[in-house]
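Trainee: Sharing a structure with you now.
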Amino acid sequence: MNLRVTENDIKVLEGVYRFRFLELVQIMLLIGTTKEATAYTRVRRLKQLGMIGGKALLARGQAYHLTVEGMKLIRQEGREIKIGLGSYEHDIKTAQVLLEFLVQGKEIITERELRVEQRGIAGHWPDGVVLDGKKKIAIEVELSDKAAVRVAGIIDFYIKASYEQVWYFTDSKSVEVLLGRVIKQKGADDFIKVKPLG
């Protein structure tokens with residue numbers, strides 16, 4: 001087995017670390033391939049090297065995360081994460097949205113990175129941030145209904161925050177209607193937009 005770690009291996013390890021875990025389809029985006037077999041061969045080798053672990057998920061295949069050895073290789077510290085199903089769908093769809101921006105050449109900041117950067121500061125974190133030139137766009141992925149008062153609180157946060165735009169992504173009609181109503185009530189529809197997911 002070839003033990004040499006390549007530039008694409010590092011790209012995969014760093015990408016998985018940034019999002020905590022990824023599926024094969026996101027790893028394909030990371031390394032710029034449309035061939036599932038190419039991404040799978042790379043992931044399998046990294047698993048054999050002990051850099052990546054996988055969790056089998058019914059009807060979804062595998063979700064991949066870094067081992068402690070994988071973190072050490074990219075000079076990060078931490079414990080091996082446990083992949084829970086509670087927020088899994090939200091987290092993987094957020095990763096997909098942000099990675100699509102990355103592929104377009106935009107710089108992204110994940111929620112994990114925001115929390116590290118702003119450690120000790122209370123408040124709301126977006127699911128990610130896209131940097132488009134000098135424009136800072138907060139990204140939110142909403143899959144299920146929240147109470148209108150909670151949505152209003154988040155919109156109030158964004159009205160006072162330093163983001164030029166906020167983009168909500170959803171695949172739920174009821175969420176889209178709720179967001180649209182609250183955003184309009186708050187007079188924030190000039191910079192907060194709701195977009196289809198997927």
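The values are calculated or read from the model by the stated rules, or taken from the named source; none is laboratory data. The shown structure was predicted, so the numbers you read here are calculated from the model rather than taken from an experiment. All Cβ positions, glycine included, derive from the backbone under ideal geometry; neighbour counts span all protein chains shown.
Okay, residues lined up against (1) surrounded by 15 or more Cβ atoms within 10 Å (Cβ to Cβ); (2) in the same structural domain as Phe191 (by TED's automatic domain parsing); (3) among the small types (Gly, Ala, Ser); (4) over 11 Å from the mean Cα position of the chain (by Cα):
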position	(1), (2), (3), (4)
Glu100	no, yes, no, no
Ile108	yes, yes, no, no
Glu111	yes, yes, no, no
Lys134	no, yes, no, yes
Ala138	yes, yes, yes, yes
Val151	yes, yes, no, yes
Tyr158	yes, yes, no, yes
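Trainee: Can you name every residue in segment 135-177 that is without any contact (Cβ under 8 Å) to a residue 24 or more places away in the chain and among the basic types (Lys, Arg)?
Mentor: Arg150, Lys160, Lys173
Trainee: Of the residues that sit in segment 120-168 and are in contact with a His (Cβ under 9 Å, 6 or more places away or on another chain) and of a type outside the set (Asp, Glu), which one is nearest to Gly105 (Cα to Cα)? Walk me through how you get there before you give the answer.
Mentor: Here is the first cut: in segment 120-168, the residues in contact with a His (Cβ under 9 Å, 6 or more places away or on another chain) are 127, 141-144, 153-154, 157-158, 161.
Okay, now just the ones that are also of a type outside the set (Asp, Glu), so 141, 143-144, 153-154, 157-158, 161.
Numbers: Val141: 21, Leu143: 26, Ser144: 30, Gly153: 32, Ile154: 28, Phe157: 28, Tyr158: 25, Ala161: 25 Å.
If we take residues in segment 120-168 being in contact with a His (Cβ under 9 Å, 6 or more places away or on another chain) and of a type outside the set (Asp, Glu), then Val141 is nearest to Gly105 (Cα to Cα).
Trainee: What's the number of the only condition in (1) buried (at least 16 other Cβ atoms within 10 Å of the Cβ); (2) without any contact (Cβ under 8 Å) to a residue 60 or more places away in the chain that Asp91 fails to meet?
Mentor: (2)
Trainee: Is segment 75-91 home to any residue that is β-branched (Val, Ile, Thr) and at pLDDT 90 or above?
Mentor: No, there is no match, as no residue in segment 75-91 is β-branched (Val, Ile, Thr) and at pLDDT 90 or above.
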